[in-house]
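One structure is given here, and the rest of the page talks about it.
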Amino acid sequence: MKESGFADFETSVWSAFFVRADTPNDVVEKLAAAMFKIFQSDAGKAYHASLPSSAMMMGPKELGEFQLKEYTRFKRVADLAGIKPE
């Protein structure tokens, strides 16, 4: 990307746990709490320690903000490169 004029470009591979948009907030919060509990367990910590990456632990609000920033960033790159949806 640096050679293409995007010297400050960084990217990462990430994954997340999603539910339908109409899922009640109390259910979303319960699922988020369960995921945090899993990742903080000994097994969860061991699993992440075995990976060549790091975990970005975010709750629903933080993940939404992160996704919006990623979308905005990649839209800029696509616009500058002239990439259009097909």
**Request:** Would you mind getting me the FRET efficiency between Ala16 and Thr72? Use the beta-carbon distance for r and R0 = 22 Å, nearest 0.05.
**Result:** 0.80
**Prompt:** Within the chain, how many Lys pairs sit with Cα atoms under 24 Å apart, leaving out pairs fewer than 8 places apart on the same chain?
**Reply:** 12
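For region 1-78, state which trypsin sites (Lys or Arg not before Pro) are in a DSSP loop and have at most 15 other beta carbons lying within 10 Å of their beta carbon. Provide the component values of the computation, followed by the final result.
Working: sites: Lys2, Arg20, Lys30, Lys37, Lys45, Lys61, Lys69, Arg73, Lys75, Arg76; in loops: Arg20.
Sparse-neighbourhood loop trypsin sites (Lys or Arg not before Pro): Arg20.
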**Message:** Placing unit charges on C-beta atoms (Lys and Arg positive, Asp and Glu negative, everything else neutral), compute the dipole magnitude of the chain about its Cα centre in debye, rounded to 20.
**Reply:** 40 debye
**Given charges at Cβ of Lys, Arg, Asp, Glu: region 22-81 dipole, positive-most of Ala34, Ala78, Leu68** = Ala78
**Asked** How much mean residue ellipticity at 222 nm does the chain get from its helices, if each DSSP H run of length 4 or more adds -39500 (n - 2.57) and you divide by all residues, to the nearest 500 deg cm²/dmol?
**Response** -17500 deg cm²/dmol
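Looking at the chain, which chymotrypsin sites (Phe, Trp or Tyr not before Pro) are in a loop (DSSP not H, G, I, E or B) and have at most 14 other Cβ atoms within 10 Å? Display every interim value, and only then the final one.
Details: sites: Phe6, Phe9, Trp14, Phe17, Phe18, Phe36, Phe39, Tyr47, Phe66, Tyr71, Phe74; in loops: Phe6, Phe9, Trp14, Phe17, Phe18.
Passing sites in the chain are Phe6, Phe9, Trp14, Phe17, Phe18.
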**Fill in**
Cα extents of the chain per principal axis, largest first, Å, are 43, 35, 21
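Quick note: the coordinates plus some simple rules give every number you see, no bench work behind them. Model, not experiment: these values are computed from the prediction. All Cβ positions, glycine included, derive from the backbone under ideal geometry; neighbour counts span all protein chains shown.
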